[in-house]
Structure formats: C-alpha cells, structure tokens
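To keep things clear, I will list the structure first and then write my remarks on it.
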Amino acid sequence: MSSWTGVPNKVADSQVLKDVRSVVGDDSYTPQNPKQLCGRIFTTCYMASENSSQDTCSRARDLAGQIGSTHMNVSIDIAVKGILGIFSLATGRWPQFRANGGSNRENLALQNVQ
C-alpha cells in the first residue's frame, strides 16, 4: 500500500491496513491488490426495468468486472408499477413516456421513478 501522495508512508499505510481489516472484519486480511479488496467489500447491482437496454446491463456487468465487485441484476418492474399505481390513484391518470404521447414532465418523472 502507499499513501495518498504516492510516497510510501509506513504510518499512514499501517493505518489504512488497520482500517481495511476493520471494514472486512478480519484482523489478518491483507489485500494483494485493489481489485481483490473491491471484491471483498463492494456489491454492485444493476436495477433493470422493462425499459432498460441490454447495452446498459452489459456496461454495468463489465464495470463490475473491471473493479472486481460482486455483481447482480435485479428487476425493479414490480416496484415501478407500484409507484405508478399510487400516482394513478392520487391523480387519476397514468403517466406516459413522451414517445407514447406523454409530456416532458411525465417523461422526466417516469425516468426518475426508474
């Protein structure tokens, strides 16, 4: 390990190692490289809806592979439909994407929900 400045600093490095061991809950853990550490502490999740593209799913998976994180894909369609159902009950209308005749506000709102 090295300090933030790039200049080795045994005091700073020992504190970083102590902190890493505390985070992973293993007093003997010494990561061999950043990717190994990422695999130990990071989980990435691509939350896809029916409107998500295979391209964005692939990019998320590729990025996770590059940094070494544990990765999963999760469908959020049920949650999106639930939020839209609540909106519909409150307003009496179902928002539409601009491509389906909705307004710019509806389009942005639908993107934010997802």
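The values are calculated or read from the model by the stated rules, or taken from the named source; none is laboratory data. Everything numeric here is computed off the predicted structure, so don't read it as measured data. We place every Cβ from the backbone using ideal geometry, glycine too, and count neighbours over all the protein chains shown. With ligands, DNA and RNA removed, areas are computed over all heavy atoms of the protein, side chains included. Shrake-Rupley method; radii C 1.70, N 1.55, O 1.52, S 1.80 Å.
What number goes with the only condition from (1) over 30 Å from Q114 (Cβ atoms); (2) modelled with pLDDT under 95 that L84 does not pass? It fails just one condition, (1). Among the residues of the stretch 23-82, those that are under 24 Å from F97 (Cβ atoms), touching a helix residue (DSSP H, G or I) at 6+ places or on another chain (Cβ under 8 Å) and in a strand (DSSP E or B) comprise Y46, A48, N73.
Taken together, the residues in the stretch 25-74 that are closer than 23 Å to L110 by Cβ, hydroxyl-bearing (S, T, Y) and either surrounded by 13 or more Cβ atoms within 10 Å (Cβ to Cβ) or touching a Ser or Thr at 6+ places or on another chain (Cβ under 7 Å) (or both) amount to 3. Looking at G85, G102, which one is in a helix (DSSP H, G or I), open to solvent by less than 70 Å² (accessible area, probe 1.4 Å), free of Cβ contacts under 8 Å to residues at least 12 places away in the same chain and not β-branched (V, I, T)? It is G85.
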